[in-house]
1. Report whether or not Asn490 is open to solvent by less than 70 Å² (accessible area, probe 1.4 Å), of a type in the set (S, T, N, Q) and assigned to a strand (DSSP E or B).
2. Which residues, taken from segment 513-530, are touching a Gly at 6+ places or on another chain (Cβ under 8 Å) and crowded, with 17+ Cβ neighbours inside 10 Å?
3. Suppose we keep only residues that are open to solvent by 40 Å² or more (accessible area, probe 1.4 Å) and assigned to a loop (DSSP other than H, G, I, E, B) within segment 1-22. Which one would you say is farthest from Ile132 (Cα to Cα)?
4. Restricting attention to segment 225-247, which residues are in contact with a helix residue (DSSP H, G or I) (Cβ under 8 Å, 6 or more places away or on another chain), over 18 Å from Glu178 (Cα atoms) and not in a loop (DSSP other than H, G, I, E, B)?
5. Take the residues of segment 47-69 that are touching a Gly at 6+ places or on another chain (Cβ under 9 Å) and not hydrophobic (A, V, I, L, M, F, W, C): which is least open to solvent (accessible area, probe 1.4 Å)?
6. Tally time: how many residues in segment 506-547 are assigned to a strand (DSSP E or B) and touching a residue at least 12 places away in the same chain (Cβ under 8 Å)?
7. Hey, among Tyr215, Tyr201, which residue is touching a residue at least 40 places away in the same chain (Cβ under 8 Å) and among the aromatic types (Phe, Trp, Tyr)?
8. Please go through segment 70-97 and give me each residue that is under 18 Å from Leu128 (Cβ atoms) and either open to solvent by less than 30 Å² (accessible area, probe 1.4 Å) or not aliphatic (A, V, I, L, M) (or both), ordered by number.
Amino acid sequence: MRLLNTSTLTLEEFYGSAIPEYAILSHRWLDGEVSFQDLQSGEAASKAGYAKIKLCCEQAAKDGLDYAWVDTCCIDKTSSAELNEAINSMYAWYRESAICYAFLSDVQSSSADDTFDASAWFTRGWTLQELIAPAHVVFYNAAWETLGTRDEEPLTERISRVTNIDAAILRGEASLRECSVAQRMSWAAGRTTTRLEDRAYSLLGLFGVNMPMLYGEGGARAFLRLQEEIMKASDDQSLFAWGSDSEQQLTGLLASSPADFAGCADVVVAGQRWNHQPYSMTNRGLSLEMPMVPWGMETFMAALDCEVAGRTNSRIGIYLRMLPESEQFARVRFRDEDAGENRALQTFEQHLAPTTKYRKIYVRQRDPEPARPRKKRTAPGDAAAPAPAADTNTITVPVHTKPSIAAPPAEPTPVYGFYIRTVPIKFITVQDPKDKDYPLSEVYLPRGGQEWDDSKRIVTLPLGGAGTVAALYLRSKERNNTLKVGFDDNFNPVAQYGGMLSSPGVRPPIPHGSVEAMMHPSWMTVPRSDYLFRGDRLRGGLKLEGFPWRVSMQYEVVGDKKMWVLDIEHT
């Protein structure tokens, strides 16, 4: 470790236990900073940044310290190996310092006021660890006048308010380990760095991890590697509790930027753990087991082991969509049509716990930095076609028209249910004034599903519902029959035409013949039945030409919606 001698302002090198006590400077890099080479060549005094180095060393000497460390000149940044070691050691160097001087070059006031709160020092990525790691931090304005210390009022509360960092952390009364991963990420959400990769590299010490620096990999890839390192050392699932406004439809479980954690300052580890299995990155994606409930068409809500601080029944859930590949899922935002919201996160309420099932899943991380679309350009040397010669007897009048851009057609809204288009018998649930003697059929629906309408014949499951979508007892003048439709655990469509309305797996205390017995999903698990028809969502549903029925279940557009369509006809 190189240190500046506070008397001579020359560099000396120390190793291991021989490192003496030192002061350390925290500041923003501006034009004219002093480099390691400037100190070696004797040109340091001519640089604008030399003044703060001198002030730092003078203050350190006043505080009884013989050495100081300043990042601009104590690291040889022309050596990639040395820079790599320094970045991985940076948090420890600040933590082990005797005192840290935080120099706010844009604050002119001699007291902590609104200009202190607005200092750009609080917006830089590297200054986050420089605020938290040292045992003592003293703030100075542009004239090197003391503004106060981090650990004492009134600065502690001001800094806490500006940074969203709990005052107990600033005072050293609480450990970083007591803060969730999401909380620590939220502190960095609004901070920026000159080099995109440094948004990730500046957070290594905050999570106690190390990794090589690969400048040029891009900010999103660097942040992805950081999260992978955090997963190796922690099973804190608040790492997955981020929310993003990105329009990307399918994503992985890991965020692309600290900014995705902007709303996570109050996300803490759940008091009761539901997830007990370890998880890790594999060549099939992130492998983990999660408690999940069906929530919408091909979409589950998965429960994380984190919640909102100070709120009961606030466990956080995320949405995962089942993909065509076996056991493969992707994270999605979920459109709640009733609420008119497009959500990334949802409260996983306690009443859902009995209906959860644990699933072993894989989630591939999507490309965090997709390639920009390529534009076709004229090859060098290719001249544009010459304009036709103007007719001297005519006058050209330029006409400016706005280009006509056709709006893309709206995507049909997926519906979590069925359209019962065709069945072998006519049935109605409301009396026909022209045929008052025609028998009425009965339709049993899940609580919260769409109300039955004879003219529409659409049945749906409510958000968070699963299993049986509808049970119908069909009556006609010639014969009666039963019909049931639903989804199995993998969102495959299933129909039963004929047989009993009560499900075979019903046991006391559920009364036989009750609505609860009719809606029980065990009818879908019967190994074999002449009445049961199973579709496969990955193979286009079902088309069966048999005796006595022709059965079709297809995923089709109905009006402006898309749903499973059932047709049962006599052969």
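1. The answer is no for Asn490.
2. Correct list: Met519, His520, Pro521, Trp523, Met524.
3. Thr8
4. Within segment 225-247, Arg225, Leu226, Gln227, Glu229 meet the criteria.
5. The qualifying residue least open to solvent (accessible area, probe 1.4 Å) is Gly49.
6. Residues in segment 506-547 being assigned to a strand (DSSP E or B) and touching a residue at least 12 places away in the same chain (Cβ under 8 Å): 7 in total.
7. Tyr201
8. Once the filter is applied, which keeps residues that are under 18 Å from Leu128 (Cβ atoms) and either open to solvent by less than 30 Å² (accessible area, probe 1.4 Å) or not aliphatic (A, V, I, L, M) (or both), segment 70-97 yields Asp71, Ala86, Ile87, Asn88, Ser89, Met90, Tyr91, Trp93, Tyr94, Arg95, Glu96, Ser97.
The values are calculated or read from the model by the stated rules, or taken from the named source; none is laboratory data. A quick note: this is a predicted structure, and the numbers were derived from the prediction, not measured. All Cβ positions, glycine included, derive from the backbone under ideal geometry; neighbour counts span all protein chains shown. Protein only, heavy atoms only, side chains kept; ligands, DNA and RNA dropped before computing areas. Shrake-Rupley method; radii C 1.70, N 1.55, O 1.52, S 1.80 Å.
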